Amino acid sequence: MVAQNADVRFLGKLLGNVIRIHGGESLFHRIEAIRAASVDRFRGIANPRVLSGGLEALSLDETVPFVRSFMLFSMLANLAEDRQGGAGEAQGTLASVLALLRSQGVASEQVAALLNKALIVPVLTAHPTEVMRKSMIDHRNRIAALMRLRDAGRIETPEGELIEEGISRQITLLWQTRALRRERLYVTDEVDTALAYLRDIFLPVVPVLYARWERLLGQRPVSFLRPGSWIGGDRDGNPHVTADSLRLALSRAAQGLLADYMEQVNALGSELSISNELAEVSDAVCELANRGGDINPARADEPYRRAITGIYARLAATYQKLTGRTAPRPASVAGEAYPDARSLHADLTTLARSLQLASKVALNDGGALTRLIRGVETFGFHLATLDLRQNSDVHARVVGDLFRVAGVCPNYQSLGEEARVTLLRHELASERLLASPYARYSEETLSELAVVRAAAEAHGLYGPDCVTTYIVSKCESVSDLLEVHILLKEAGLYRGHGTARSAIMAVPLFETIGDLEKSSQVMTAWLELPEVAAVTSAHGFQEVMVGYSDSNKDGGYLTSVWNLHQATAALAQVFQGSGTVMQVFHGRGGAVGRGGGSSFDAVRAQPPGTVHGRIRVTEQGEIIAAKYGTRESAAANLESLTAATLLASLESASLSDEDRRRFAGAMDSLSSEAFRAYRSLVYETAGFAQFFRQMTPIDEISELKIGSRPASRTNSGRIEDLRAIPWVFSWAQARVMLPGWYGVGQALRSFPDTALLREMLDAWPFFRATMDNLEMVLSKSDMGIAALYSTLVEDRDLANTLFGRVRDTWIATQESLLSIMGQSRLLEKHPALDASIRLRLPYIEPLNLLQLELIKRHRGGEKDSRVREGIQLSINAIATALRNSG
C-alpha cells in the first residue's frame, strides 16, 4: 500500500499541474476545493453543505472539465493499484499454493501430472460496461510503461525523454483526449480494444510467467494457460456480428501476432552470431541454414543466422498469406509461407536443441528463444481462441428453414423434442448436405451459414485452435445442441457418417435458474448419444458453460450463486457416471450481481470434482482493464487464476460429508428465502419497473456509445427483457448495487441458527467467498446518495415506499452480515480492499451529485449539449472509479 499511495500522490500531483496549465488557475482551484471538501467530509471533519455549495457554484462550462478531472484521477489511481497487482484480487501465487499442497501431502508429481493435462483460459468478452475509449487505454498503457522505467531508477527513456516529463505529457494528452465516443461502438472497435490487451499485455506476459513457473516446478509444463475471446464471434443478440466480423477479428489478431514474431526472430538474428568455426552446430541447423536462401558471404560461417534469415522469410510470407499485407520489415530472401504454427515451432526447436546439445550454449528458460518457442506454443497463428455463440432460437429457425427447403421436414419447429432429436440424428448420420446454392433462404439462414463457413476457412488458414467452441445460449434440450451440428456439418466441420467427429465442440450455456436446474437432465441425455460420446472422446472432454448474469437477474444474488454451485456439482456426477471429463466455462461478469468479485476465491470455492485443472472464465467490460491493464496486474491475476485452479483441483477436501450435508441444507433454506424476497420486490411489486427506470440512469446509459449490442432484447420496458449487464450497471451508477445484495439480508435474518452460519463462514470456502463478495458490494453502495437518486422518481408515493423498502433492507443486510462475521464495520478484515475503496469514495460522491443535477435538467427538457455530455462523462467517471460496476 505504501508504494501504491506514493504512486497516487505522484500521479495526482502531475494531473493537478496539467489541470492548472491547460484548464486555468480558476478551474484548478475550484476542482481542488471540491476535492478537499469531499475528502474532509469522508473524514468527518467538514459540513456536507460545503461540498454541495462548491458543486452548485460550477458553471456548465466548468462541469465537464471537473468530471473529466475526477475521472482521470480515478484512472490514475487504478493504474497505481494495478501496478501492485490489484487490491484483493491477486491473492494467490504458485509458490504459496505449491507449499500449501505439499503440506497436505500432495506430491510434486501430482501437480506436474495435473498441469500436463490442464487448460486455463481467461476469455475476453465485449460487454458494454467498458466505457473507456481505446485512445484513453493507449495513453494509460504508455504511462504504465514509463512508470516501470521510473521504478528501475531510470531518469530518461532510451529515446532520451525525461521520464517525469514523459508521464506529464501523457497525462496532458489524456486531458486533451475526448473521453466519449461520438459514434456507436462497432464490432471493429471492440476487436481493436481487445487486441490492444492481447498484443500489448498477454503476448509479452504469458511467456515470462511460464519461465517463472518452469523454474519453480523444476520442469517444463505444457502450455496450459491460453487466452480466449468472444469478440467477433458472439452473435447472441448482436446483429452486427457476422462472418465478416469473424474474419476481421482473426485476421487482425494474426497481423499483430505475426508482426511480433517477426520482431522477435529479427532480434534473435542479431543475438545468435555463433560461427561453425568456433562451435559445433547440429546437422539439422545446417540443413535449415542451407534451405534458408541466405547467400551473403559475410554469414557463410554463421548457420544460426542463415537459418533465421530463412525463418524470417517464411514468417513474412505467412504474414502476407494470412493478412493480405506486406510484412512491415520485408524479408531479404524469398520464403514459402508456413503451413501451420507447428512448422514454425519445429524450426525454432531445431535451433534450441542445437544450441544446447551441439553448441553447448545453456539456454535461459526466460531467454529470447525459449520465450518465442513458448509464445508459438501458446498463441499459434491465431493469438486467442475465438468462440462462436448464438441463441438456440436462431438455430431452430435456421435448421427449420434448411429442412423445409430441402424437403426434409416442412414444419420442424412444430415438432416435439423426441421427434426433433430423431430427425436431427438421422440427418447428421447422412453425408449429404442440406443447403443448395440455387435455393432461396432467409437472410438469417444465409448469415448463420456464412459464419460456420468462415470458421471452416479460418481452420484452414490459422489452424484448428483458432475456433474450437460453439456456445448455445438459452440451451434447454438436446435438440438445441444437435442443431449446431447440423450447421457445422454444412461447413464440413462435423462428420456423422461412420465414427462421428467434430472440429468444433457444441457447448450448452445454462444461465437462468430454470435452465440450471434442468442442466443435469439435458447433459445426461446428451452424453448418452453414441455420436456425442465419439466426439467428446476425440476431444478428451465436454465443456459446459454456466452463466451468472441472467440467473442473478432472474433470482437474485444468493440464489444465483447457490444454483450455479449445485448445478456444477450435479453435472460433475453426471459426467463421472458417463466416464467423460467435464470442463466448466464460467460466464462471470465484473459486478457481484454478475458473478464478479475475487476470481481466486471463486475458483477455489468450486464444488469438489468440478475443476480437474480445466476451467475457462469470461473477463468482461471494465474488469479487463482492471485485471489486465498493466503487465504487472496481468501477471499477478493470471498467476492467481492458475494457483486457484490448482487448489480447486488438488486441495484436500475442507468439509466432511456430514458437514457438507448440513451446510447444503442451510444454503437451500437461505436461497429459498432470498429468492422469495428478491422476486417479491423485482417482479411482483407494482410499479417497480417504473421506479427502477426513473431512479437509475438506465435510459441515459442506453444512449452511451459503449457497446455494439442494444441494452434490451426488445423495445418493452419489462425487467425480463432488459439485458443483465445494463440492469447491474445502472444500479451501480445510483450507488444502490441492488442485484448484488437484495434478498440476502432477509435470508440471513430469518435463519434460526446463527452459530451454524458462523461455522459455515469459517469452514466452507464457498460460503466465505459468497459473504466476502456481499461485503464488498455493500461497501461500494451508499444509501445516502441513493436516496437522492430516488427523488428522480416522479410518483413520490411510489418512490418513498419502494426506496424505504430498499434502504431498510440494506441496513438490515449490513447488520446481519457484520453480526455473522463478528465485525464492527465492513471490510474490517480486508484492509487493502478497504483502503482501495476509501481512496475512491471522496471522488465518486461529487460525480454522483453532479450526475443527479444534470439528469434532472436533461429529463426536464434542457437541450444544452453540455448537459448531455456531462451526464455521459459522469457515467464514464463513476464506472472508472467503482471498477467492478457492471
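Restricting to bridges with both residues inside the chain, how much of the DSSP beta-bridge set is antiparallel, in percent to the nearest 5?
Counting DSSP beta bridges with both partners in the chain, the antiparallel share is about 10 percent.
Could you give the length gained by full extension between A337 and T685, i.e. 0.36 nm per residue of separation minus their alpha carbon distance, to one decimal place?
Fully extending the segment from A337 to T685 adds 118.8 nm.
Where a Cα-Cα gap under 14 Å defines reach, which aspartates and glutamates qualify for K518, not counting those fewer than 8 residues away within the same chain?
Within the straight-line limit of under 14 Å, K518 reaches these aspartates and glutamates: E476, D480.
How do 22-29, 491-498, 580-587 rank on mean C-beta neighbours within 10 Å, highest first?
580-587, 491-498, 22-29
Explain nothing, just the number: dipole magnitude of the chain about its Cα centre with +1 on each Lys and Arg Cβ and -1 on each Asp and Glu Cβ, in debye rounded to the nearest 20.
So the dipole magnitude of the chain works out to roughly 1040 debye.
Could you tell me the calculated FRET efficiency between F10 and T177, based on Cβ-Cβ distance and R0 = 30 angstrom, to the nearest 0.05?
So, using R0 = 30 Å, E works out to roughly 0.90.
Tell me whether segment 202-354 comes out rounded, prolate or oblate; compute the Cα gyration tensor, take square roots of the eigenvalues as a ≥ b ≥ c, and use a/c under 1.5 as the rounded threshold.
Judged from the Cα gyration tensor, segment 202-354 comes out oblate (a/c at least 1.5, b/c at or above a/b).
Ignoring ligands, DNA and RNA, what accessible area per residue does segment 360-417 give at 1.4 Å, in Å²?
Accessible area per residue, segment 360-417: 35 Å².
Assuming R0 = 30 Å, what is the FRET efficiency of Q104 and A538, from their Cβ-Cβ distance, to the nearest 0.05?
Efficiency for this residue pair is about 0.30.
Within straight cross-link reach of K856, meaning Cα distance under 15 Å, which aspartates and glutamates are found once same-chain residues fewer than 8 apart are removed?
E56, D699, E700, E794, D795, D864, E869
Considering only Cα-Cα distances, which of the following residue pairs are longer than 29 Å: K553/K627; K474/K829; K134/K780?
K474/K829
Could you pull the Rg and Dmax for segment 391-432, using just the Cα atoms, both in Å?
When restricted to the Cα atoms of segment 391-432, Rg and Dmax are 9.8, 26 Å.
Starting from the Cα gyration tensor of segment 362-506, take the square roots of the eigenvalues, sort them a ≥ b ≥ c, and report rounded, prolate or oblate (rounded when a/c is under 1.5, otherwise prolate if a/b is larger than b/c, else oblate).
Prolate, because a/c is 1.5 or more and a/b exceeds b/c.
Out of I623, G92, A307, whose Cα points farthest toward the positive end of the dipole of the chain (charges: +1 Lys, Arg; -1 Asp, Glu; placed on Cβ)?
Projecting each Cα onto the dipole axis, the largest value belongs to I623.
What does the net charge come to around F379 if you take all other residues with beta carbon closer than 12 Å to its beta carbon, with K and R at +1 and D and E at -1?
So the environment of F379 carries a net charge of +1.
Among L527, Q4, S560, which residue has its Cα positioned farthest towards the positive end of the charge dipole of the chain, with +1 placed on the Cβ of Lys and Arg, -1 on the Cβ of Asp and Glu, and the dipole taken about the Cα centre?
Q4
Would you work out which of H459, I878, A435 lies farthest towards the positive end of the dipole of the chain? Charges go on Cβ: Lys and Arg +1, Asp and Glu -1.
Result: I878.
Give the cross-link partners of K863 among the lysines, using a straight C-alpha distance below 28 Å as the criterion and excluding same-chain residues fewer than 8 apart.
Answer for K863, where 28 Å is the Cα cut-off: K705, listed by chain and number.
Taking only the Cα atoms of the chain, how large is their convex hull per residue, in Å³?
Cα convex hull per residue, to the nearest whole number: 181 Å³.
Within the accessible area of the chain, what % is carbon and sulfur when the probe is 1.4 Å and the other protein chains stay in place?
On the chain, the fraction of accessible area on carbon and sulfur atoms equals 50 percent.
Would you mind working out the magnitude of the charge dipole of segment 803-886 relative to its Cα centre, with +1 at each Lys and Arg C-beta and -1 at each Asp and Glu C-beta, to the nearest 20 Debye?
So the magnitude is around 200 debye.
Between S819 and R404, what is 0.36 nm times their sequence separation minus the Cα-Cα distance? Round to one decimal in nm.
Taking S819 through R404 to full extension adds about 143.1 nm, to one decimal.
Nothing charged except the Cβ atoms of Lys and Arg (+1) and of Asp and Glu (-1): what's the magnitude of the dipole of segment 451-583 about its Cα centre? Round to the nearest 20 debye.
For this selection, approximately 240 debye.
For the ranges 805-818, 449-462, 189-202, 652-665, what's the packing order if you count other beta-carbon atoms within 10 Å of each residue, average per peptide, and put the highest first?
The most tightly packed comes first, giving 189-202, 449-462, 805-818, 652-665.
Counting only helical runs of four or more DSSP H residues, what would the 222 nm mean residue ellipticity of the chain come to if each run contributes -39,500 (n - 2.57) and the total is spread over all its residues?
One gets -20000 deg cm²/dmol as the mean residue ellipticity at 222 nm.
Output the antiparallel fraction of DSSP beta bridges having both residues in segment 426-550, as a percent to the nearest 5.
Looking only at bridges with both residues in segment 426-550, the antiparallel portion is about 25 percent.
So, R0 is 22 Å and r is the distance between the beta-carbons of H22 and E161; what FRET efficiency does that work out to, to 0.05?
Rounded to the nearest 0.05, the efficiency is 0.65.
The values are calculated or read from the model by the stated rules, or taken from the named source; none is laboratory data. All of these numbers come straight from a predicted model, not from anything done at the bench. Glycine gets a Cβ as well: all are built from the backbone with ideal geometry, and neighbour counts include every protein chain shown. Side chains are part of the model used for accessible areas, which takes the heavy atoms of the whole protein and leaves out ligands, DNA and RNA. Shrake-Rupley method; radii C 1.70, N 1.55, O 1.52, S 1.80 Å.
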